[in-house]
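In what follows, a structure is listed as C-alpha coordinates, so that the remarks can point back to it.
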Amino acid sequence: MKIITLGLILFTLLWHGGCALLPKMIRPAEVRPTTKLPVADLENRSQLNKAIERQLRVLKSKSLPDKLRQFAGQTLSQELIINSLIRFQELLNTCQDADELNRRIGEEFDIYQSSGGPGGKVLFTGYYTPVYQACRIRQGEFQYPLYRLPPHYQTLDLSPLRSSWKNITITVFVDGNGLVRLPPSRREIEECKVYAGQNLEIAWLADPLDAFLAQVQGSLIVEYPDGQRQFLNYAGKNGYEYTSLGAELYRDGHLELNKINMASIRKWFRENPHRLAEYLNRNQSYVYFLPQEDGPFGAGGAVITEWASIATDKRIFPIGGLALIDTKIPLLDNKSNLIGWKKHTCFVIDQDTGGAIVGPGRVDIYMGAGNTAGQMAGYQKQEGRLFYLLLRHLSSSPRWAAHTRE
(Lines give C-alpha, C1' and ligand atoms only; values in the text may rest on other atoms or scores of the structure.)
Protein backbone atom coordinates (compact mmCIF):
# COMPACT_ATOMS: atom_id res chain seq x y z
CA MET A 1 0.00 0.00 0.00
CA LYS A 2 1.39 3.40 -0.98
CA ILE A 3 2.31 5.81 1.86
CA ILE A 4 2.53 9.52 1.13
CA THR A 5 2.16 12.78 2.99
CA LEU A 6 -0.86 15.03 2.68
CA GLY A 7 1.40 17.77 1.35
CA LEU A 8 2.63 15.51 -1.43
CA ILE A 9 -0.95 14.67 -2.43
CA LEU A 10 -1.85 18.34 -2.72
CA PHE A 11 1.42 19.19 -4.49
CA THR A 12 0.76 16.47 -7.05
CA LEU A 13 -2.76 17.70 -7.67
CA LEU A 14 -1.67 21.30 -8.09
CA TRP A 15 1.40 20.53 -10.21
CA HIS A 16 -0.45 18.31 -12.66
CA GLY A 17 -3.64 20.34 -12.65
CA GLY A 18 -5.57 17.41 -11.25
CA CYS A 19 -5.52 15.54 -14.55
CA ALA A 20 -4.68 12.15 -13.11
CA LEU A 21 -6.85 12.12 -10.01
CA LEU A 22 -9.73 14.53 -10.61
CA PRO A 23 -12.72 14.10 -12.92
CA LYS A 24 -12.99 16.58 -15.74
CA MET A 25 -15.34 19.48 -15.08
CA ILE A 26 -18.29 19.80 -17.41
CA ARG A 27 -18.16 23.10 -19.30
CA PRO A 28 -21.12 23.27 -21.72
CA ALA A 29 -24.48 24.62 -20.51
CA GLU A 30 -26.12 21.80 -18.56
CA VAL A 31 -29.76 22.89 -18.44
CA ARG A 32 -31.94 25.21 -20.47
CA PRO A 33 -35.32 26.77 -19.69
CA THR A 34 -38.33 25.39 -21.53
CA THR A 35 -42.09 25.73 -21.45
CA LYS A 36 -42.75 22.31 -22.98
CA LEU A 37 -43.18 19.45 -20.53
CA PRO A 38 -44.37 16.00 -21.69
CA VAL A 39 -47.61 14.78 -20.12
CA ALA A 40 -46.79 12.12 -17.52
CA ASP A 41 -48.70 8.83 -17.33
CA LEU A 42 -48.93 8.89 -13.46
CA GLU A 43 -48.67 5.10 -13.23
CA ASN A 44 -46.24 5.53 -10.35
CA ARG A 45 -48.47 7.90 -8.33
CA SER A 46 -48.43 5.80 -5.13
CA GLN A 47 -44.67 5.25 -5.27
CA LEU A 48 -44.16 8.93 -6.05
CA ASN A 49 -46.12 10.00 -2.98
CA LYS A 50 -44.02 7.65 -0.87
CA ALA A 51 -40.78 9.00 -2.34
CA ILE A 52 -41.83 12.61 -1.71
CA GLU A 53 -42.76 11.87 1.91
CA ARG A 54 -39.48 10.07 2.52
CA GLN A 55 -37.49 12.91 1.00
CA LEU A 56 -39.38 15.64 2.86
CA ARG A 57 -38.82 13.82 6.14
CA VAL A 58 -35.06 14.06 5.59
CA LEU A 59 -35.06 17.61 4.23
CA LYS A 60 -37.07 18.89 7.20
CA SER A 61 -34.83 17.16 9.74
CA LYS A 62 -31.37 18.24 8.60
CA SER A 63 -29.57 20.73 6.39
CA LEU A 64 -28.01 19.28 3.27
CA PRO A 65 -24.49 20.48 2.40
CA ASP A 66 -24.14 22.82 -0.57
CA LYS A 67 -22.59 20.06 -2.69
CA LEU A 68 -25.90 18.13 -2.57
CA ARG A 69 -27.99 21.15 -3.61
CA GLN A 70 -26.29 21.94 -6.91
CA PHE A 71 -28.26 22.76 -10.02
CA ALA A 72 -26.08 23.38 -13.07
CA GLY A 73 -23.47 25.14 -10.94
CA GLN A 74 -25.84 27.17 -8.77
CA THR A 75 -26.68 26.22 -5.19
CA LEU A 76 -30.42 25.88 -4.55
CA SER A 77 -31.87 26.85 -1.20
CA GLN A 78 -33.27 23.97 0.80
CA GLU A 79 -36.48 25.98 1.16
CA LEU A 80 -36.94 25.96 -2.62
CA ILE A 81 -36.46 22.18 -2.84
CA ILE A 82 -38.88 21.54 0.04
CA ASN A 83 -41.61 23.87 -1.18
CA SER A 84 -41.35 22.58 -4.74
CA LEU A 85 -42.01 19.05 -3.46
CA ILE A 86 -44.86 20.13 -1.16
CA ARG A 87 -46.70 22.09 -3.84
CA PHE A 88 -46.20 19.39 -6.45
CA GLN A 89 -47.61 16.74 -4.11
CA GLU A 90 -50.67 18.91 -3.51
CA LEU A 91 -51.25 19.17 -7.25
CA LEU A 92 -50.51 15.47 -7.80
CA ASN A 93 -53.28 14.47 -5.39
CA THR A 94 -55.90 17.08 -6.35
CA CYS A 95 -55.71 17.42 -10.13
CA GLN A 96 -58.33 15.40 -11.99
CA ASP A 97 -55.97 13.94 -14.58
CA ALA A 98 -52.50 14.16 -16.09
CA ASP A 99 -53.48 16.93 -18.50
CA GLU A 100 -54.70 19.18 -15.68
CA LEU A 101 -51.55 18.44 -13.69
CA ASN A 102 -49.40 19.36 -16.67
CA ARG A 103 -51.28 22.64 -17.12
CA ARG A 104 -51.01 23.60 -13.44
CA ILE A 105 -47.30 22.83 -13.42
CA GLY A 106 -46.86 25.17 -16.38
CA GLU A 107 -48.61 27.91 -14.40
CA GLU A 108 -46.70 27.48 -11.14
CA PHE A 109 -43.29 25.96 -11.91
CA ASP A 110 -40.21 26.92 -13.90
CA ILE A 111 -39.17 24.02 -16.12
CA TYR A 112 -35.62 23.17 -17.17
CA GLN A 113 -34.43 20.49 -19.57
CA SER A 114 -31.07 18.78 -19.24
CA SER A 115 -28.77 19.51 -22.16
CA GLY A 116 -27.82 15.83 -22.18
CA GLY A 117 -24.60 14.31 -23.40
CA PRO A 118 -23.15 14.23 -26.93
CA GLY A 119 -25.91 14.98 -29.42
CA GLY A 120 -28.14 16.31 -26.65
CA LYS A 121 -29.32 12.84 -25.61
CA VAL A 122 -29.79 11.54 -22.07
CA LEU A 123 -28.98 7.85 -21.53
CA PHE A 124 -31.25 6.08 -19.04
CA THR A 125 -29.97 2.94 -17.35
CA GLY A 126 -31.43 1.07 -14.39
CA TYR A 127 -30.26 -0.11 -11.00
CA TYR A 128 -31.78 -2.28 -8.30
CA THR A 129 -31.20 -3.89 -4.93
CA PRO A 130 -29.98 -7.46 -5.39
CA VAL A 131 -30.91 -10.18 -2.90
CA TYR A 132 -28.13 -12.72 -2.34
CA GLN A 133 -27.75 -15.81 -0.20
CA ALA A 134 -24.93 -15.18 2.26
CA CYS A 135 -23.17 -16.48 5.32
CA ARG A 136 -21.95 -14.56 8.37
CA ILE A 137 -18.69 -16.50 8.40
CA ARG A 138 -16.43 -17.87 5.70
CA GLN A 139 -17.39 -21.48 5.06
CA GLY A 140 -18.12 -23.88 2.21
CA GLU A 141 -18.94 -22.05 -1.01
CA PHE A 142 -19.20 -18.69 0.75
CA GLN A 143 -15.69 -17.38 0.07
CA TYR A 144 -16.18 -13.81 -1.17
CA PRO A 145 -16.46 -11.07 1.47
CA LEU A 146 -18.31 -7.78 1.59
CA TYR A 147 -16.46 -5.28 3.77
CA ARG A 148 -17.50 -2.48 6.10
CA LEU A 149 -15.70 0.88 5.72
CA PRO A 150 -12.23 0.64 7.30
CA PRO A 151 -11.51 3.07 10.15
CA HIS A 152 -9.58 6.30 9.60
CA TYR A 153 -10.80 6.88 6.06
CA GLN A 154 -11.12 10.60 5.34
CA THR A 155 -12.59 12.53 2.45
CA LEU A 156 -10.69 15.74 1.74
CA ASP A 157 -12.56 18.67 0.19
CA LEU A 158 -10.35 20.28 -2.47
CA SER A 159 -12.70 23.21 -3.18
CA PRO A 160 -10.63 25.79 -1.23
CA LEU A 161 -7.57 25.11 -3.39
CA ARG A 162 -9.03 26.07 -6.76
CA SER A 163 -12.32 27.54 -7.91
CA SER A 164 -12.47 24.92 -10.68
CA TRP A 165 -12.36 22.16 -8.02
CA LYS A 166 -15.74 23.00 -6.52
CA ASN A 167 -17.30 19.87 -4.95
CA ILE A 168 -14.21 17.79 -5.84
CA THR A 169 -12.95 15.45 -3.12
CA ILE A 170 -10.25 12.81 -2.69
CA THR A 171 -10.38 9.83 -0.34
CA VAL A 172 -7.35 9.05 1.82
CA PHE A 173 -6.48 6.81 4.76
CA VAL A 174 -4.67 8.30 7.76
CA ASP A 175 -2.78 5.76 9.86
CA GLY A 176 -1.92 5.93 13.56
CA ASN A 177 1.33 7.77 12.82
CA GLY A 178 -0.42 10.53 10.91
CA LEU A 179 0.84 9.30 7.55
CA VAL A 180 -1.56 9.67 4.64
CA ARG A 181 -2.05 6.59 2.52
CA LEU A 182 -3.86 6.19 -0.75
CA PRO A 183 -6.59 3.58 -0.15
CA PRO A 184 -5.95 0.10 -1.54
CA SER A 185 -7.21 -0.66 -5.03
CA ARG A 186 -9.52 -3.56 -5.85
CA ARG A 187 -6.55 -5.66 -6.93
CA GLU A 188 -4.76 -5.04 -3.63
CA ILE A 189 -7.91 -5.87 -1.66
CA GLU A 190 -8.78 -9.02 -3.59
CA GLU A 191 -5.36 -10.46 -4.39
CA CYS A 192 -3.14 -9.12 -1.60
CA LYS A 193 -5.80 -9.60 1.10
CA VAL A 194 -4.91 -6.28 2.75
CA TYR A 195 -7.92 -6.49 5.09
CA ALA A 196 -7.19 -9.99 6.35
CA GLY A 197 -7.41 -10.24 10.13
CA GLN A 198 -9.02 -6.81 10.60
CA ASN A 199 -12.55 -8.13 11.23
CA LEU A 200 -14.03 -5.93 8.50
CA GLU A 201 -16.10 -8.67 6.84
CA ILE A 202 -19.88 -8.23 7.13
CA ALA A 203 -21.00 -11.20 5.06
CA TRP A 204 -19.65 -13.77 2.62
CA LEU A 205 -21.16 -14.52 -0.80
CA ALA A 206 -20.79 -17.63 -2.95
CA ASP A 207 -20.03 -15.89 -6.26
CA PRO A 208 -17.28 -13.30 -6.88
CA LEU A 209 -19.31 -11.74 -9.70
CA ASP A 210 -22.25 -11.24 -7.32
CA ALA A 211 -19.94 -9.53 -4.83
CA PHE A 212 -18.67 -7.26 -7.60
CA LEU A 213 -22.15 -6.42 -8.90
CA ALA A 214 -23.38 -5.67 -5.37
CA GLN A 215 -20.77 -2.91 -5.27
CA VAL A 216 -21.88 -1.60 -8.66
CA GLN A 217 -25.47 -1.36 -7.37
CA GLY A 218 -24.27 0.26 -4.13
CA SER A 219 -26.58 -1.67 -1.79
CA LEU A 220 -28.02 -5.15 -1.38
CA ILE A 221 -30.09 -7.45 0.79
CA VAL A 222 -28.38 -10.55 2.15
CA GLU A 223 -30.33 -13.60 3.30
CA TYR A 224 -28.60 -15.83 5.85
CA PRO A 225 -29.12 -19.60 6.27
CA ASP A 226 -31.48 -18.99 9.23
CA GLY A 227 -33.78 -16.96 6.96
CA GLN A 228 -32.88 -13.56 8.43
CA ARG A 229 -32.50 -10.74 5.93
CA GLN A 230 -30.30 -7.68 6.34
CA PHE A 231 -29.83 -4.48 4.36
CA LEU A 232 -26.24 -3.65 3.46
CA ASN A 233 -26.22 -0.02 2.41
CA TYR A 234 -23.52 2.09 0.81
CA ALA A 235 -20.94 3.32 3.33
CA GLY A 236 -18.17 4.71 1.13
CA LYS A 237 -15.63 3.84 -1.53
CA ASN A 238 -11.89 3.90 -2.07
CA GLY A 239 -12.04 6.83 -4.49
CA TYR A 240 -10.57 5.15 -7.57
CA GLU A 241 -12.16 5.70 -10.97
CA TYR A 242 -15.00 3.36 -11.92
CA THR A 243 -14.46 1.13 -14.97
CA SER A 244 -17.47 -0.53 -16.61
CA LEU A 245 -17.36 -4.31 -16.96
CA GLY A 246 -19.58 -4.26 -20.04
CA ALA A 247 -17.51 -1.54 -21.68
CA GLU A 248 -14.32 -3.56 -21.19
CA LEU A 249 -15.89 -6.68 -22.72
CA TYR A 250 -17.05 -4.61 -25.69
CA ARG A 251 -13.64 -2.97 -26.11
CA ASP A 252 -11.99 -6.39 -26.25
CA GLY A 253 -14.46 -7.64 -28.85
CA HIS A 254 -16.30 -10.14 -26.62
CA LEU A 255 -19.74 -8.47 -26.67
CA GLU A 256 -21.56 -6.40 -29.27
CA LEU A 257 -22.46 -2.89 -28.17
CA ASN A 258 -26.20 -3.34 -28.61
CA LYS A 259 -26.16 -6.64 -26.70
CA ILE A 260 -24.46 -5.51 -23.50
CA ASN A 261 -26.71 -6.26 -20.53
CA MET A 262 -26.47 -8.15 -17.27
CA ALA A 263 -27.61 -11.42 -18.82
CA SER A 264 -25.00 -11.32 -21.59
CA ILE A 265 -22.24 -10.35 -19.15
CA ARG A 266 -23.08 -13.23 -16.80
CA LYS A 267 -23.29 -15.65 -19.73
CA TRP A 268 -19.85 -14.65 -21.03
CA PHE A 269 -18.23 -15.20 -17.64
CA ARG A 270 -19.98 -18.54 -17.17
CA GLU A 271 -18.34 -19.59 -20.43
CA ASN A 272 -14.98 -17.96 -19.54
CA PRO A 273 -14.58 -18.28 -15.75
CA HIS A 274 -10.78 -18.13 -16.01
CA ARG A 275 -11.06 -14.50 -17.21
CA LEU A 276 -13.28 -13.26 -14.37
CA ALA A 277 -10.61 -12.01 -11.93
CA GLU A 278 -8.76 -10.25 -14.74
CA TYR A 279 -11.81 -8.24 -15.76
CA LEU A 280 -13.04 -7.52 -12.24
CA ASN A 281 -9.66 -6.06 -11.31
CA ARG A 282 -9.75 -3.64 -14.22
CA ASN A 283 -12.25 -1.71 -12.11
CA GLN A 284 -10.05 -0.43 -9.28
CA SER A 285 -13.01 1.24 -7.55
CA TYR A 286 -14.17 -0.59 -4.41
CA VAL A 287 -17.36 0.00 -2.39
CA TYR A 288 -17.87 -0.61 1.34
CA PHE A 289 -21.15 -1.35 3.12
CA LEU A 290 -22.99 -0.59 6.36
CA PRO A 291 -25.44 -3.11 7.90
CA GLN A 292 -28.80 -1.44 8.65
CA GLU A 293 -32.40 -2.38 9.35
CA ASP A 294 -33.84 -0.30 6.50
CA GLY A 295 -32.80 0.70 3.02
CA PRO A 296 -31.60 1.21 0.47
CA PHE A 297 -30.65 4.81 1.18
CA GLY A 298 -29.93 7.45 -1.43
CA ALA A 299 -27.05 9.90 -1.35
CA GLY A 300 -29.04 12.41 0.72
CA GLY A 301 -30.09 9.98 3.44
CA ALA A 302 -33.65 9.14 2.32
CA VAL A 303 -34.82 5.61 1.56
CA ILE A 304 -35.26 5.35 -2.20
CA THR A 305 -38.45 4.07 -3.84
CA GLU A 306 -38.88 1.78 -6.83
CA TRP A 307 -39.92 3.58 -10.02
CA ALA A 308 -39.95 6.95 -8.23
CA SER A 309 -36.25 7.55 -7.46
CA ILE A 310 -33.41 8.35 -9.84
CA ALA A 311 -29.66 8.79 -9.55
CA THR A 312 -27.82 11.62 -11.31
CA ASP A 313 -24.50 13.45 -11.13
CA LYS A 314 -24.67 15.43 -7.89
CA ARG A 315 -22.20 18.01 -9.18
CA ILE A 316 -25.02 19.12 -11.49
CA PHE A 317 -28.41 18.04 -10.11
CA PRO A 318 -29.76 18.38 -6.54
CA ILE A 319 -30.82 15.86 -3.94
CA GLY A 320 -34.60 16.06 -3.61
CA GLY A 321 -34.97 17.64 -7.03
CA LEU A 322 -38.39 17.19 -8.63
CA ALA A 323 -37.88 15.76 -12.11
CA LEU A 324 -39.66 14.18 -15.05
CA ILE A 325 -38.12 11.45 -17.18
CA ASP A 326 -39.24 10.64 -20.72
CA THR A 327 -37.75 7.39 -22.03
CA LYS A 328 -38.57 3.70 -22.60
CA ILE A 329 -38.37 0.73 -20.21
CA PRO A 330 -38.13 -3.03 -20.90
CA LEU A 331 -41.11 -5.33 -21.39
CA LEU A 332 -40.38 -8.88 -20.19
CA ASP A 333 -42.25 -12.16 -20.62
CA ASN A 334 -42.90 -14.58 -17.74
CA LYS A 335 -39.42 -16.04 -18.23
CA SER A 336 -37.77 -12.61 -17.96
CA ASN A 337 -36.92 -12.48 -21.66
CA LEU A 338 -36.97 -9.07 -23.32
CA ILE A 339 -39.94 -8.83 -25.70
CA GLY A 340 -40.12 -5.10 -26.34
CA TRP A 341 -40.03 -1.58 -24.95
CA LYS A 342 -42.69 0.56 -23.28
CA LYS A 343 -42.83 4.36 -23.27
CA HIS A 344 -42.15 5.64 -19.76
CA THR A 345 -42.93 9.28 -18.97
CA CYS A 346 -43.08 9.75 -15.20
CA PHE A 347 -42.37 12.23 -12.44
CA VAL A 348 -39.55 11.14 -10.14
CA ILE A 349 -37.46 12.44 -7.25
CA ASP A 350 -33.71 12.82 -7.68
CA GLN A 351 -32.35 11.04 -4.60
CA ASP A 352 -29.15 9.26 -5.47
CA THR A 353 -25.91 9.19 -7.42
CA GLY A 354 -23.46 6.58 -8.73
CA GLY A 355 -19.89 6.16 -9.87
CA ALA A 356 -20.91 5.61 -13.50
CA ILE A 357 -23.49 8.41 -13.52
CA VAL A 358 -21.45 11.36 -14.75
CA GLY A 359 -22.56 14.46 -16.62
CA PRO A 360 -25.94 15.88 -17.66
CA GLY A 361 -26.53 13.00 -20.08
CA ARG A 362 -26.79 10.11 -17.59
CA VAL A 363 -29.65 8.95 -15.38
CA ASP A 364 -30.10 5.72 -13.40
CA ILE A 365 -33.68 4.66 -12.61
CA TYR A 366 -34.21 2.70 -9.37
CA MET A 367 -36.28 -0.37 -10.30
CA GLY A 368 -36.72 -2.07 -6.92
CA ALA A 369 -35.35 -5.21 -5.25
CA GLY A 370 -35.05 -8.84 -6.30
CA ASN A 371 -34.68 -10.85 -9.48
CA THR A 372 -37.35 -9.21 -11.64
CA ALA A 373 -36.03 -5.74 -10.86
CA GLY A 374 -32.54 -7.01 -11.60
CA GLN A 375 -33.58 -8.39 -14.97
CA MET A 376 -35.19 -5.10 -15.95
CA ALA A 377 -32.23 -3.06 -14.75
CA GLY A 378 -29.91 -5.33 -16.71
CA TYR A 379 -31.75 -4.62 -19.96
CA GLN A 380 -32.39 -0.93 -19.37
CA LYS A 381 -30.41 1.20 -21.81
CA GLN A 382 -32.49 3.77 -23.65
CA GLU A 383 -32.13 7.41 -24.59
CA GLY A 384 -34.66 10.04 -23.59
CA ARG A 385 -35.18 13.43 -21.98
CA LEU A 386 -34.78 14.75 -18.43
CA PHE A 387 -36.62 17.77 -16.96
CA TYR A 388 -36.48 19.56 -13.58
CA LEU A 389 -39.23 21.63 -11.96
CA LEU A 390 -38.74 24.52 -9.51
CA LEU A 391 -41.59 26.35 -7.83
CA ARG A 392 -41.76 29.68 -9.64
CA HIS A 393 -42.34 32.21 -6.88
CA LEU A 394 -39.25 30.96 -5.00
CA SER A 395 -36.92 30.58 -7.99
CA SER A 396 -35.23 33.18 -10.14
CA SER A 397 -35.47 32.19 -13.78
CA PRO A 398 -33.02 34.63 -15.42
CA ARG A 399 -29.97 33.30 -13.58
CA TRP A 400 -30.40 29.86 -15.19
CA ALA A 401 -30.74 31.07 -18.76
CA ALA A 402 -27.13 30.98 -19.93
CA HIS A 403 -25.16 29.39 -17.13
CA THR A 404 -21.97 27.46 -17.82
CA ARG A 405 -19.62 25.85 -15.32
CA GLU A 406 -16.20 27.37 -14.82
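The values are calculated or read from the model by the stated rules, or taken from the named source; none is laboratory data. If you're wondering where the values come from, they're calculated on a predicted model, not measured in any experiment. Backbone-built Cβ (ideal geometry, glycine too); neighbour counts: all protein chains shown.
For segment 268-297, filtering for residues that are buried (at least 16 other Cβ atoms within 10 Å of the Cβ) and part of a helix (DSSP H, G or I) leaves 5. Just one of the numbered conditions (1) among the hydrophobic types (A, V, I, L, M, F, W, C); (2) outside any helix (DSSP H, G or I); (3) buried (at least 19 other Cβ atoms within 10 Å of the Cβ) is not true of residue 265: (2).
For segment 301-310, the set of residues classified as more than 15 Å from residue 323 (Cα to Cα) and in contact with a Pro (Cβ under 9 Å, 6 or more places away or on another chain) consists of 303 only. Flag set for residue 137, criterion: assigned to a loop (DSSP other than H, G, I, E, B) and modelled with pLDDT of 95 or more. Among residues that are within 17 Å of residue 156 (Cβ to Cβ), at pLDDT below 90 and out of contact with any Pro (no Cβ under 8 Å at 6 or more places or on another chain), residue 7 is included.
When restricted to residues that are in a loop (DSSP other than H, G, I, E, B) and at pLDDT below 90, segment 56-73 contains 2. Residue 249 meets all of the listed conditions (1) part of a helix (DSSP H, G or I); (2) surrounded by fewer than 16 Cβ atoms within 10 Å (Cβ to Cβ) but one, namely (2). State all residues of segment 188-219 that are outside any helix (DSSP H, G or I), at pLDDT below 95 and touching a Leu at 6+ places or on another chain (Cβ under 7 Å); if no residue qualifies, say none. Passing the criteria: only 219. Hey, does segment 208-219 have a residue that's touching a Ser or Thr at 6+ places or on another chain (Cβ under 6 Å) and within 30 Å of residue 71 (Cα to Cα)? Yes, segment 208-219 has at least one match. Exactly one residue out of 359, 320 is crowded, with 17+ Cβ neighbours inside 10 Å, under 28 Å from residue 392 (Cα atoms), at pLDDT below 95 and not basic (Lys, Arg): that is 359.
Pairs linking a residue in segment 146-173 that is among the small types (Gly, Ala, Ser) and surrounded by fewer than 19 Cβ atoms within 10 Å (Cβ to Cβ) to a residue that is at pLDDT below 80 and not in a loop (DSSP other than H, G, I, E, B), with Cβ atoms under 8 Å and 6 or more positions apart or on different chains, are 159/165.
Here residue 282 qualifies as in contact with a Ser or Thr (Cβ under 7 Å, 6 or more places away or on another chain) and more than 23 Å from residue 152 (Cα to Cα).
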